[in-house]
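Let me begin by presenting the structure, written as structure tokens, before commenting on it.
The numbers here are math on the coordinates, done by the rules we state, and not lab data. These figures come from a predicted structure and were not determined experimentally. Backbone-built Cβ (ideal geometry, glycine too); neighbour counts: all protein chains shown.
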2 protein chains.
Amino acid sequence: MDGTTAYPTIRDIAARVGMSKSLVSLALQDSPRVAQASKAAILSAAEELGYRRNAAARALVAHRTRTIGVFLLDLHNPITADLVAAVQEEARRRGYQTIVVVGGDSATERAEIVKLLEFRVEGIVAVGHRLPAGGREAITSTCPGVIIGSEQTGVPDLLSISNDDAVGARLAVEHLISLGHTRIAHVTGGRSLVARRRRRGYEQAMRDSGLGAEVSCHDGDFTDEGGHHGAWAALTSGRPPTALFVVNDFAAFGAMAAVVDLGLRVPEDVSVVGYDGTRLSGLRALSLTTVVQPLESMGSQAVAHLCSRLDGDDASPKKRIRLTPSLVARETTAPLRTAEHEGA
Amino acid sequence: MDGTTAYPTIRDIAARVGMSKSLVSLALQDSPRVAQASKAAILSAAEELGYRRNAAARALVAHRTRTIGVFLLDLHNPITADLVAAVQEEARRRGYQTIVVVGGDSATERAEIVKLLEFRVEGIVAVGHRLPAGGREAITSTCPGVIIGSEQTGVPDLLSISNDDAVGARLAVEHLISLGHTRIAHVTGGRSLVARRRRRGYEQAMRDSGLGAEVSCHDGDFTDEGGHHGAWAALTSGRPPTALFVVNDFAAFGAMAAVVDLGLRVPEDVSVVGYDGTRLSGLRALSLTTVVQPLESMGSQAVAHLCSRLDGDDASPKKRIRLTPSLVARETTAPLRTAEHEGA
DNA sequence: GTGAAAGCGCTAACAT
DNA sequence: ATGTTAGCGCTTTCAC
């Protein structure tokens with residue numbers, strides 16, 4: 001049950017076709033220096049023997065792995081899947097492989113990052129709202145890194161790719177205003193950087209629209225529960241809002257539930273806007289209006305950056321890329337009902 | 001920008017502390033044969049130099065990688081995350097590492113499986129409703145495999161771990177019956193094996209409860225849209241059901257939307273039961289009654305099986321493990337309203 | 001066009 | 001307790 005010995009080696013192939021192992025190696029790389037006939041023989045022998053290249057051996061001698069490590073902070077976040085797909089796609093296009101590891105507690109995170117390093121990945125793409133534990137060390141050693149979804153400052157050699165939360169928040173607010181809403185409250189995501197940016201974007205957009213006096217924030221977090229909590233607080237306040245801009249989609253789902261729990265309806269009584277553009281937001285039963293992040297572009301730019309650094313194009317000393325989000329209007333937002341209809 | 005040379009080797013450590021590289025190797029493995037003093041010196045030198053073990057080199061010589069490959073068919077499926085967590089946890093507990101790859105189109109699937117083999121993983125856990133392209137070859141070569149979530153027949157040396165769909169379907173039907181429902185329709189998932197099992201389980205449970213005459217199936221699939229379609233068909237049929245058992249959670253969400261689109265309410269007019277127990281089903285805005293699969297147990301048993309085979313315990317020639325699901329009653333199911341109240 | 005030989009970083013006998 | 005040596009599977013000069 002030895003994991004390796006059962007595999008045939010180039011030596012086995014060589015023996016079978018009666019040539020040297022160097023020739024076999026050349027043939028396997030499709031080198032033009034090998035005669036067509038020999039190449040064919042070698043290839044078919046390899047096939048018959050069920051030969052598989054040994055990644056360890058070739059990495060050892062080639063001094064490179066052409067592999068990019070992908071670290072996932074949270075597999076449960078639905079945007080992770082799209083990001084991984086984009087990263088994988090772009091890496092393949094550029095001739096790199098990816099291996100992905102998934103975080104857990106902080107010890108696991110550290111261990112997984114170390115594993116990536118031991119595999120000698122040539123670059124690391126971290127996906128998540130923060131750097132993995134041990135991520136800093138990883139980056140400050142030889143391997144370049146990119147973090148998607150967070151903005152780490154003060155980590156040299158680390159590029160952060162994110163969407164422009166200020167723009168996204170503005171998009172949400174302006175959408176609501178265009179629908180006639182003025183009493184627009186915000187359910188926050190706590191004190192994380194992303195949450196604070198969205199909050200500031202909301203406040204700024206409100207002020208810019210002359211609605212500075214209507215600014216109203218309620219504590220929540222990035223979860224269903226947090227959204228429910230924040231929305232509940234907003235709607236039971238002295239001056240309940242007619243619209244809610246919630247820090248992310250999951251929390252927005254919680255907010256929708258809170259509206260219903262209070263005997264109100266979405267969107268007739270309260271409009272709700274989320275953030276992220278997760279696939280879930282498109283579910284018919286939810287159909288959430290939300291700000292969508294350009295995930296595909298974020299993923300491919302991460303790989304593009306890594307590859308250009310690996311190719312020695314040091315002409316990209318960027319520390320941050322902020323992409324522009326967009327808004328998808330669905331069924332949780334509707335024009336404000338006028339006072340006459342409301343009977344209020 | 002060479003991925004490897006920048007890393008210090010045991011030779012560098014040896015030079016720095018003035019000992020031989022074998023001693024360094026031993027010390028790094030925490031061998032008792034090394035003097036405490038030397039060990040300390042070596043460890044601190046390694047630390048200072050930023051030494052990282054070279055996985056390729058040690059795999060090459062050790063003839064084993066202690067690594068299990070995890071193949072993910074669909075990252076978007078929310079149950080994938082829980083399964084991965086369970087697999088990873090169990091592997092770590094047993095001293096194995098995991099590396100995960102993610103499928104895409106069939107060429108990608110094949111490539112990713114090959115990659116796993118080239119890494120010389122000692123076993124493969126595939127997660128998904130079917131085998132990855134190239135999976136069959138992977139298994140029939142030296143590496144043992146387990147597939148979670150599907151039941152592949154006719155692939156030797158492949159264990160499939162799944163939940164017992166017949167039991168799950170029965171749980172759903174009996175729950176509905178206990179609530180007083182008799183007109184219980186099923187929204188199917190198409191012709192896949194899992195879909196057929198759930199359908200048969202539904203039919204059998206209905207018959208066993210003397211409701212054979214009420215059996216009513218409507219075509220859907222495993223998506224939001226498919227569920228909406230099937231539920232619509234069921235509810236607009238000549239004899240509309242008062243309860244729906246839907247093939248999976250996603251489709252159940254679509255079914256919930258269909259109920260609403262028809263001007264009816266969940267659960268007052270129509271009860272809905274899903275399948276899988278995805279986290280989403282717990283969202284307050286959805287709060288779906290569903291059959292939950294024992295994901296943690298499925299993941300850990302997969303690894304347990306692999307490890308026992310790797311340790312030579314050939315005493316487990318199992319081809320299939322079926323675990324028992326359970327039902328979580330939430331807010332999409334309610335007692336049948338009696339005729340008087342219905343006014344029908 | 002083909003083969004021989006060196007060596008990647010490491011482990012594991014086998015010496016000392 | 002520590003050093004020497006061989007060799008894992010492969011790529012890559014360098015000869016022939």
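Worth pointing out:
- Spatial separation of Cα centroids for segment B:26-98 and segment A:223-292, in angstrom: 43 Å
- Peptide-level mean, for B:135-141, of C-beta atoms on other protein chains within 10 Å: 1
- Gain on full stretching of the segment that runs from A:ARG183 to A:GLU47 - 0.36 nm per residue minus C-alpha separation: 42.0 nm
- Annotation: for a label point projected 7 angstrom from Cα along Cα→Cβ of A:ARG337, residues of segment A:241-282 with backbone N closer than 20 Å are A:241-245, A:255-273.
- Shape of the protein assembly as shown, Cα gyration tensor, a/c cut at 1.5: oblate
- Neighbour counts of other Cβ atoms within 10 Å put A:SER281, A:SER326, B:SER178 in the fewest-to-most order B:SER178, A:SER326, A:SER281.
- Taking A:TYR202, A:TYR96 and counting other C-beta atoms within 10 Å, the order from fewest to most: A:TYR96, A:TYR202
- Pairs of Cα atoms nearer than 8 Å and 6+ residues apart set the relative contact order; for chain B it is 15 percent.
- Candidates A:ASP276, A:ASP105, A:ASP164, ranked by Gaussian network fluctuation over chain A, Cα under 10 Å, top entry: A:ASP105
- Projecting the Cα positions of A:HIS76, A:ALA37, A:GLY50 onto the charge dipole of segment A:33-107 (unit charges on Cβ atoms of Lys, Arg, Asp and Glu, taken about the Cα centre) puts A:ALA37 furthest along the positive direction.
- Maximal additional length on extending the B:SER209-B:LYS318 stretch stands at 35.9 nm, based on 0.36 nm per residue less the C-alpha distance.
- Partner chain coverage, peptide A:68-79 - average Cβ within 10 angstrom: 3
- Mean separation of Cα contacts under 8 Å, 6 or more apart, over the residue count of segment A:48-127: relative contact order %: 45 percent
- Between the amide H of A:THR289 and those of A:GLY274, A:ARG330, A:GLU331, A:THR332, A:THR333, distances stay under 5 Å, these residues lying 5 or more places away or on another chain, with hydrogens modeled in the peptide plane.
- Taken residue by residue and averaged, Cβ atoms of other chains lying within 10 Å of the Cβ of A:115-122 number 6.
- On the beta carbon distance between A:ALA62 and A:GLN36, with R0 = 25 Å, the FRET formula returns roughly 0.45.
- Listed residue pairs exceeding 29 Å between alpha carbons, taken from A:LYS319/B:LYS39; A:LYS21/B:LYS115; A:LYS39/A:LYS115; B:LYS39/B:LYS115; A:LYS115/B:LYS21; B:LYS115/B:LYS318: A:LYS319/B:LYS39; A:LYS39/A:LYS115; B:LYS39/B:LYS115
- Computed about its Cα centre, the charge dipole of the protein assembly as shown is approximately 2360 debye, with only Lys, Arg, Asp and Glu carrying charge at their Cβ.
- Counting beta carbons within 10 Å around each of A:THR108, B:THR332 and listing the fewest first gives the order A:THR108, B:THR332.
- Cleavage-rule hits, trypsin sites (Lys or Arg not before Pro), segment B:208-313, DSSP coil, Cβ neighbours within 10 Å at most 14: B:ARG265
- Segment B:182-242, relative contact order in percent, only Cα pairs under 8 angstrom and at least six apart counted: 42 percent
- Estimated FRET transfer efficiency (B:VAL328, B:THR223; beta-carbon r; R0 22 Å; 0.05): 0.50
- At most 15 other Cβ within 10 Å, DSSP loop - trypsin sites (Lys or Arg not before Pro), segment A:190-243: A:ARG191
- Taking the inverse of the mean reciprocal distance over all distinct Cα pairs, the Kirkwood hydrodynamic radius of chain A comes to 22.9 Å.
- Nearest-0.05 FRET efficiency for B:LYS21 and A:ARG279, computed from C-beta distance (R0 56 Å): 0.60
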